[in-house]
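Heads up: the structure comes next, in structure tokens.
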Amino acid sequence: MVVVARASGRAWCGRKGRGSGVERSCGCVRAARPRRERFVVRASKVFEWEYEDGEATGSEASELVKGLASKLQTETPLFGLLNKLFSPAGVSGELTYQEFSRALYDNVSSQFHISCENLEKRFGDIAGVRGCIFCLWLACYGTGVVKEEAMAESCSKLRQNEDLSYFIELFEYQKDEAKDLRAKKGVEAPRVTQENKIRVAIDNMLSLMNLDAIDGETQIDFYEILWCCFPSSEPSFVKNLISTHPKAVRQV
């Protein structure tokens, strides 16, 4: 398992994105940013949303944090987030968009921010950090609950009008409605894996950017963003899910 160690420096200014609750790029730097070397340390799973249904929660999660303490010898923002996510008094269960945004924004490598900037430059303002995090949030908490077509449609419509607050509320409504309907019918929740979530995230991002093909450069940026969201996955596994997607341009 691999965890990203946060690189020094910030790739973003502090201006708030409209209706997002998270900082976004101000557009001051429009050229594609160079990729930086990633420094990694070995550790266990990191983010709560990486767990499959029924995996470590409660006391098991607390033990996970204790185990990580011996691995991360120095104080890091990532470890602070882990304590918050898994602490009984902290954030647990499903995160709101704002909580999810902050968890990623503050605790991923600088390459995540650089890749979001690259996508914003190529595919428009909403394809930057706000839109990408929205796509990831839907995939993490909507997979197996909300229809995949509905999530992709929301991402596509977000590209058209950029009213992020509306689509956040829409997703919360769709998710609650789907859960209520499932409870009334007595239907058991399906098993959702990391692979399921990553595949949905890819489709969401494609809809957001209105892409018919994922070229080589975009595949790299997709990988950087997805692996930062699912750092417990093997890098080769994430890369393979992107490169074998039906819309991926095969590299010669």
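The values are calculated or read from the model by the stated rules, or taken from the named source; none is laboratory data. Note that the coordinates shown come from a computational prediction; the quantities given were computed from them, not determined experimentally. Note: ideal-geometry Cβ built from the backbone for every residue, glycine included; neighbour counts use all protein chains shown.
Summary of computed values
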{"quantity": "Cross-chain or 6+ apart pairs with Cβ under 6 Å, region 208-219 first and more than 14 Å from Ala127 (Cα to Cα), then among the polar types (S, T, N, Q)", "calculated": "Gly216/Gln251"}
{"quantity": "Condition broken by Arg182, with the remaining ones in (1) assigned to a helix (DSSP H, G or I); (2) at pLDDT below 95; (3) farther than 21 Å from Leu95 by Cβ satisfied", "calculated": "(3)"}
{"quantity": "Sole exception among (1) at pLDDT 95 or above; (2) surrounded by fewer than 18 Cβ atoms within 10 Å (Cβ to Cβ); (3) part of a loop (DSSP other than H, G, I, E, B) for Val187, by number", "calculated": "(1)"}
{"quantity": "Any hit, region 218-227, residues being in contact with a helix residue (DSSP H, G or I) (Cβ under 7 Å, 6 or more places away or on another chain), more than 20 Å from Glu149 (Cβ to Cβ) and of a type in the set (Ser, Thr, Tyr)", "calculated": "yes"}
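Residues are listed down the side, and each one gets a yes or a no for (1) at pLDDT 95 or above; (2) part of a helix (DSSP H, G or I); (3) surrounded by 19 or more Cβ atoms within 10 Å (Cβ to Cβ):
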| residue | (1), (2), (3) |
| --- | --- |
| Glu172 | yes, yes, no |
| Arg191 | no, no, no |
| Ser236 | yes, yes, no |
| Pro246 | yes, no, no |
